[in-house]
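The values are calculated or read from the model by the stated rules, or taken from the named source; none is laboratory data. Predicted model only: the values in this text are computed from it and were never measured. All Cβ positions, glycine included, derive from the backbone under ideal geometry; neighbour counts span all protein chains shown. For the accessible areas, the whole protein counts, side chains as well, though only heavy atoms, and no ligand, DNA or RNA atoms are used. Shrake-Rupley method; radii C 1.70, N 1.55, O 1.52, S 1.80 Å.
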Amino acid sequence: MNGLATVLILIGLFLVGGIISFVKQGMGKSLITLLSIGAGMCLIAGVLRLDYWN
């Protein structure tokens, strides 16, 4: 496993935890949407850098 892939996946999971927290607090939908996009991009980039299918 690549170090950068690990970092990207961990950041993505951290942001997912933030999404869950913000939903419980009742924060604005636009902030939750923006955080969701960022978390999804980090997780997808981390998984794509794993290179299991090459």
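Do you know which of the residues in region 1-24 that are in a helix (DSSP H, G or I) and in contact (Cβ under 8 Å) with a residue 40 or more places away in the chain is most open to solvent (accessible area, probe 1.4 Å)?
My answer is Leu4.
Kindly evaluate Met27 against the criterion of being surrounded by 13 or more Cβ atoms within 10 Å (Cβ to Cβ) and at pLDDT below 95.
Yes; evaluated as a whole, the condition is true for this residue.
Please work out which residue is farthest from Val7 (Cα to Cα), limiting yourself to region 30-54 and to residues that are of a type outside the set (A, V, I, L, M), open to solvent by 40 Å² or more (accessible area, probe 1.4 Å) and under 15 Å from the mean Cα position of the chain (by Cα).
It comes out as Thr33.
Of the conditions (1) modelled with pLDDT under 95; (2) touching a Leu at 6+ places or on another chain (Cβ under 7 Å), Gly18 fails just one. Which one is it?
The number of the failed condition is (1).
May I ask you to list the residues in region 30-54 that are in contact (Cβ under 8 Å) with a residue 24 or more places away in the chain and not in a helix (DSSP H, G or I)?
Selection gives Arg49, Leu50, Asp51.
Can you tell which of Leu4, Leu50 is touching a Lys or Arg at 6+ places or on another chain (Cβ under 7 Å) and aliphatic (A, V, I, L, M)?
Being touching a Lys or Arg at 6+ places or on another chain (Cβ under 7 Å) and aliphatic (A, V, I, L, M) holds for just one of Leu4, Leu50, which is Leu4.
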